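Written below as structure tokens is the structure these notes are about.
The values are calculated or read from the model by the stated rules, or taken from the named source; none is laboratory data. Small disclaimer: the values here were computed from a predicted structure and weren't measured. Only protein heavy atoms, including side chains, enter the accessible area calculation; ligands, DNA and RNA are left aside. Shrake-Rupley method; radii C 1.70, N 1.55, O 1.52, S 1.80 Å.
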Amino acid sequence: MKQLEFKEFYRASQDICLRAVLASVGDRQLAEDLVAEAFTRAWMSWPKVSRHPAPRAWIVRTALNTRVSWWRRRRKEVVVEGGAPDVADPRETDPGLDPGLLAALRQLPQRQREVIALRVFLDLDTKATAAVLGIAEGTVTAHLSRAVSALRGQLITAGDSTVNDQEVDP
């Protein structure tokens, strides 16, 4: 029974959780790794996770926490051969996210990306988002407002520049 329940949850949630984490981290490969790790942890603790009020949010929060843990460990590592780490090609497209939107999301501060991921991609309310992130509801509202304003400014400016670049016959 546990296996069937988890399998259904995974099928229904994997894509949306991946999009939410991708919106937050901005790197497709990293997002895939983080979501895979989070689902592995969910499987190991499925009785607890299945009773969570928002299991998808649990997955996303676990993925984002895992990223912080990986970053802390990596920060302590010493680069032996002087090359820069591999970085995903920003032009790489994702079927679930518009490349322009993903580029705009990458410009936001981390906390604003997390709020967007939970409020928009997972459709959590302000209270649930605050609980998942461990911040006040007013802080969620403020981050969301700033993020939407910044995205609106970036996306409208990008849209205007493409319209202005085209020749228009009078």
Sequence of Lys48, Lys2 when ordered by accessible area, the most exposed leading, probe 1.4 angstrom: Lys48, Lys2
Show Thr129, Thr139 ordered by accessible area, largest first, where the area counts protein heavy atoms only and the probe is 1.4 Å. Thr139, Thr129
